[in-house]
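Scroll down for the structure; my scribbles are underneath it.
The values are calculated or read from the model by the stated rules, or taken from the named source; none is laboratory data. Every value quoted in this text rests on a predicted model; they were computed, and no experiment measured them. Note that each Cβ is placed from the backbone with ideal geometry, even for glycine, and that neighbours are counted across all protein chains shown. Areas reflect the complete protein model, heavy atoms only, side chains present, ligands, DNA and RNA absent. Shrake-Rupley method; radii C 1.70, N 1.55, O 1.52, S 1.80 Å.
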Amino acid sequence: MSAKSQVAKQLPASLDHKPIVVIVGRPNVGKSTLFNRLIGRRVAIVTEIAGTTRDRIAMDVPDVQKPFVLMDTAGMEASPTGELDSKVQQHIGYAISEADLVLFVVDSRAGLIPVDSEMARVVRKTGKPVLLVANKTETPKEEAQAQEFHRLGFGDPILISAYHNQGMADLLWKIDNILPSPTPELEKLDNVLRLAIVGRPNVGKSSLLNAILGHERSVVSAKPGTTRDAIDTPFQYKDQEMLLIDTAGIRRKGQQMDIIERFSLLRSMQAISRADIAMLVLDAQEMATDQDAHVAGYILEEYKGVIVVVNKWDLSRQLGISPTSAKDFIRERLKFMPYVPVVFISALTGKGVNELLPLAIEIFNERQKRVGPDQLRSIMLEAFAAHPPATIKGKRLSISSVSQSKTSPPTFDFQVNNPDLAHFSYQRFLENSIREAHKFHGTPIKMIFRKQIT
């Protein structure tokens, strides 16, 4: 059995806990605007450019009688024109196959057009329950125009304007009437490990997600920037509930980016903020670039756990690199993160992938460790004795007390005579002293220096 299938064997189907409602329709009818309106915040990328949403996004809809997961999809094209378009259509078909209910969205301003009829035939063949949603219905003229959608065979259209928040209560009421009632044992994922896959475009993030889950869950293409939105996939590994977040590639803000790339950068940053641990994916062909270090800096600023994942390691022999030389290079480039593990994998073959989830759980547990006050006091006394702080302008740092105030990330509060005397290099020395005693593998330590209360 391959490493890939060993991992997949332990992963049940995603999103089994709640019914799934999938939004479909041709490009630019307002699917992502509707998605954002129903979940109550801006998650899907919304622009006037048709085809902006490529990957599916799945999120819980809050504050409803019957909890459900809402899934957004790319626009359905009647005649796919290229490889990527064909893949998108395959994923829409997969999304519909997962659905308990389909929201088929049409545009009242444009009226019924041939593409709508073709799309309706595709949806009708699935045999899934369908609600016809006529979006952009804001004037009497558009209301009258919406009546021709009866011809699609899905009954009366539900008239809404997602942008102006009109008709949403009626839509939710009809969704509620169709969905099954929630089971009393609906699981609450309070102890979920949130794991984000981040990195530059085209390093294999989506391929890694697919390798972990054991089936193709997000669009994979050789074209950089294929994944634009963050994709959330809840699943269980052994006894640990997890949420896997695939993100768009991050680029420096200073580079020229179109509006979609700008939204993608924001989405990636939000994914890092939401995660407990980030898997920073590097490309074995171009390891630890300035952009990789930039992404690592984002992760460090958010105090998230980190696993450095070197993908495409199946090419290492022809590239003439070894694990030792690669690790040395990465450690030098990411020297502000000496505590992070480095794992070499091939998402293509599955080699090394089965190391990632156990390592993520280990780091997750490290982030929740607590150090008792007596132990901390002993560590600080030994550190001061071995290396007293330097004198700065005739004054020396003194610490009256230290305690661990929080976990995830491990946070240590130092009461000192003057926080300005806590030089960066001495803070790093104290951090290393704590790590020598308690490891905190793979996670940053947050250290706060406050003026002691007299």
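Some values worked out for this structure:
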| quantity | calculated |
| --- | --- |
| Accessible area of LYS18 in the full protein assembly, 1.4 Å probe (Å², nearest 10) | 50 |
| Distant-in-sequence amide H partners of TYR163 (H built 1.01 Å from N, under 5 Å) | LYS136 |
| In Hz, Karplus ³J(HN,Hα) per residue of the range 358-366 (6.51, -1.76, 1.60; θ = phi - 60°; x = Gly, Pro) | x, 5, 4, 5, 4, 5, 4, 5, 4 |
| Segment ALA110-ASP314, extension gain: residue separation times 0.36 nm, minus the distance between their alpha carbons | 68.4 nm |
| Solvent-accessible area of GLU98 with every protein chain in place, 1.4 Å probe, in Å² to the nearest 10 | 50 |
| The range 106-213: Cα Rg divided by the 2.2 N^0.38 Å rule of thumb | 1.50 |
| Residues of the range 377-406 with amide N under 15 Å of a point placed 7 Å along Cα→Cβ from SER425 | 387-393, 397 |
| Pairs from LYS335/LYS446; LYS395/LYS446; LYS304/LYS351; LYS205/LYS304; LYS406/LYS451 whose Cα-Cα separation, in the structure shown, is over 23 Å | LYS395/LYS446; LYS304/LYS351 |
| Label-to-label distance, nm, for residues given as ARG331 and LYS238 (7 Å Cα→Cβ offset) | 2.7 |
| Surface accessible to a 1.4 Å probe, THR324 within the full protein complex, Å² | 90 |
| D (Stokes-Einstein, µm²/s), Kirkwood Cα radius, the range 410-454, 1.002 mPa s at 20 °C | 190 |
